[in-house]
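Report on the following structure.
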Amino acid sequence: MCDLDDHGAAGLERLPDDEYVLDTPFVRDFVADVERQIVLAATPAEACASLRPAFADLLARRDWLPEEYQRDVPDSGMGGGIGQWLLYRSADRSLSLFSLVVPPGSKTPIHDHLAWGLIGLYRGNQDEEIYHRGEGALELARRRPLVPGDHYVLLPPTDDVHCVRTTSELTSVSIHLLANDTGCVWRHTFDEQTGEARPFRSGYANAACRPEESLATAECA
C-alpha cells in the first residue's frame, strides 16, 4: 500500500500557491486550524481525532457552502450526475477540501481514496457500503445509513474502499477533508464481482488537473 506520509501526492506538480476556490474568512480559518492540528499530530489517526470537533461544526453550519457547490454535474466523469467540487487544495497537493454531490438514486463506483482524512454528510441521506479487499472478489464488510452530521475517519488501508448511494429525494452533499489532491490523483475503481482494480481519476467540476500528471499514485496500491 501507499505510504501514508506521502499523502497521495506522488506524480503531482506543486501549485504556485494554495488554491482557495471558495475564498471566505470561514474557509480560511478552518484550513488554518486544520494545518495547525496536523503539525501538532504525531500520526494520521491523532490528526483525525483532533480535527473531528471542527469538522463536526463544519457539517452543522448552514451558512458557509454556497448552492453552486451543491449542484449535480450531468456530464461528470463519475457518471450519474455525480459532481465533485473543489473548495481548497494546498500548493503541495497534500490537503484538499471538497464537496461530493450525488443526485437521488445515483451511486458512486466502488472506489478508494489513497488518503487519510474525514468525510461527513452535509445534506440529504446516503447508504454507504464498505468493502474489504481479499483474494478475488471484494467482500462487503458492512453497510450503514448516513444522515446529515454523520462523519467518519479514513485511515487506509482500513475502510478505504467504499461506495455511496443517495437514498433521499433530496440530492446528497458530503464534505471531504483528505490528505491528497483527491480529484487529481490516480486512484482506483473496483469491479464488485472480480475485485479487479482499474486506474481512476475523478476530477473536479470546477478545477483542472494536469493531463500529464502520472499514474504513480494509483500504481502503489
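Values quoted throughout were computed directly from the atomic coordinates according to the rules given, and no laboratory measurement underlies them. Model, not experiment: these values are computed from the prediction. Cβ placement follows ideal geometry from the backbone for every residue including glycine, while neighbour counts extend to all protein chains displayed.
If the condition is being closer than 22 Å to ARG89 by Cα, touching a residue at least 60 places away in the same chain (Cβ under 8 Å) and out of contact with any Gly (no Cβ under 6 Å at 6 or more places or on another chain), then the range 149-195 contributes VAL153, LEU155, PRO156, VAL173, SER174, HIS176, ASP181, THR182, CYS184, TRP186, ARG187, HIS188.
Exactly one residue out of GLY124, GLY80 is crowded, with 20+ Cβ neighbours inside 10 Å, without any contact (Cβ under 8 Å) to a residue 60 or more places away in the chain and either small (Gly, Ala, Ser) or closer than 22 Å to CYS209 by Cα (or both): that is GLY124.
Look at (1) in a loop (DSSP other than H, G, I, E, B); (2) over 18 Å from the mean Cα position of the chain (by Cα) and you find that HIS113 fails only one, number (2). The residues on offer are VAL173, VAL161, and the sole one that is farther than 17 Å from ILE82 by Cα and of a type in the set (A, V, I, L, M, F, W, C) is VAL161.
Counting only residues that are within 20 Å of TRP116 (Cα to Cα) and either exposed (fewer than 15 other Cβ atoms within 10 Å of the Cβ) or small (Gly, Ala, Ser) (or both), the range 158-181 holds 3 of them. Among the residues of the range 118-136, those identified as in a strand (DSSP E or B) and either under 12 Å from ILE175 (Cβ atoms) or of a type in the set (D, E, K, R) (or both) are LEU118, ILE119, GLY120, LEU121, TYR122, ARG123, ASP127, GLU128, GLU129, ARG133.
The number of residues in the range 68-102 being farther than 16 Å from GLY124 by Cβ, in a strand (DSSP E or B) and aliphatic (A, V, I, L, M) comes to 3.
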